[in-house]
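All remarks here apply to the structure that follows.
The values are calculated or read from the model by the stated rules, or taken from the named source; none is laboratory data. Predicted model, so just to flag it, every value in this text is computed and none were measured. Backbone-built Cβ (ideal geometry, glycine too); neighbour counts: all protein chains shown.
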Amino acid sequence: MENISAFFSYTLFTFNEQTFTVGQILLLPVLFFLAYFAIKKSSSFFLHRLSKRGLDPDLVLLFQRLYFIVALLLLVFTTLAILNVPLGAFAFVSGAVAIGVGFGAQNIINNFISGWILMWEKPIRLGDFLEIGDVKGTVETINTRSTRIRRTDGVHLLIPNSHLLENMVVNWTLVDRLTRCIVRVGVAYGSPVKQVSELIQQAAETHELVLGDPEPLVIFDDFGDSALIFDVYFWIETGGEKDLRVIKSDIRFKIDELFAANDIVISFPQRDVHLDGEVKIVRQ
């Protein structure tokens, strides 16, 4: 025991008129990581409690980030105070780090600042449905470096925060969840167009998720090559493309059912071929 005590009491070096023993050096990282673990746990605890109170998820996330960073800075300053290390001792190191950041970590700093801008200005919020180029998905979390999006097929994507600020992003749910949809159908020539319009209107109005204000609007759009073209416009509250596709599918099923019950024929592409001259049948 005396040897162990002597080992931990052995002075490794002296800094700023303070001696540091083996025991202090070994104990310091243990205490630091325990404090770091406590900060993460308390941060998650506050996040859970605030979420249960029904607060804005983006505000809760911003509070968690601020709490974590402030607590981490206090931990670092407390550690330096325990070691009696003045901040001026890091003047040279901080200058070197600043140069390194300027040349090698521009993207990291850019994404970090962009993440704070996203959480503060809220052009993109948790739960928003985004369209970025060919990618469509729901925002799950906004981290300090990247934003995690769950694509419509279930795949998770990590998109750099700076990309969301510097490029065009379509936010389907930025102001509200109202979306205008269109369903197109073509009927055969000779069909009673007034009745067709009424049946399409009925199919849209009877769907429980179609809004009554503004009410669905049926347009006789065009005389097509093989069909009379009708469009029905209607508004819904949707959280993404999946809901939209399901509702449009339901309305198409209803239109087909009503047309079949009223002997309305849905047109299909067809061509009349006229042959000039005499047609001979050659038999072998």
Legend entry - Of residues in region 164-177 being surrounded by 15 or more Cβ atoms within 10 Å (Cβ to Cβ) and at pLDDT 85 or above, the one nearest to LEU126 (Cα to Cα): ASN171
Legend entry - Filtered residues of region 150-184 (kept if of a type in the set (Gly, Ala, Ser) and within 23 Å of MET119 (Cα to Cα)): SER162
Inset, instruction - Inspect all residues belonging to region 167-190 and state whether any of them is in a helix (DSSP H, G or I) and either assigned by TED's automatic domain parsing to the domain that holds LEU47 or among the hydroxyl-bearing types (Ser, Thr, Tyr) (or both). - result: no
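Residues are listed down the side, and each one gets a yes or a no for (1) buried (at least 16 other Cβ atoms within 10 Å of the Cβ); (2) in contact with a Leu (Cβ under 6 Å, 6 or more places away or on another chain); (3) over 11 Å from VAL187 (Cα atoms); (4) in contact (Cβ under 8 Å) with a residue 40 or more places away in the chain:
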position	(1), (2), (3), (4)
LEU228	yes, no, no, yes
VAL232	yes, no, yes, yes
VAL246	no, no, yes, no
SER249	no, no, yes, no
LEU258	yes, yes, yes, yes
ALA261	no, no, yes, no
SER267	yes, no, no, yes
ASP272	no, no, yes, no
Inset, instruction - Note down all Cβ pairs under 6 Å where the first residue falls in region 125-142 and is of a type in the set (Ser, Thr, Tyr), the second is modelled with pLDDT of 85 or more, and they're at least six residues apart or on different chains. - result: THR138/PHE129; THR138/ARG150; THR141/ARG148
Inset, instruction - Kindly list the number of the only condition in (1) modelled with pLDDT under 75; (2) over 19 Å from ARG148 (Cβ atoms); (3) not polar (S, T, N, Q) that fails for ILE69. - result: (1)
Inset, instruction - Look at region 152-166 and say how many of its residues are touching a residue at least 40 places away in the same chain (Cβ under 8 Å) and assigned to a loop (DSSP other than H, G, I, E, B). - result: 1
Inset, instruction - Consider VAL183 carefully, then state whether it is touching a strand residue (DSSP E or B) at 6+ places or on another chain (Cβ under 6 Å), buried (at least 17 other Cβ atoms within 10 Å of the Cβ) and within 30 Å of ASN171 (Cα to Cα). - result: yes
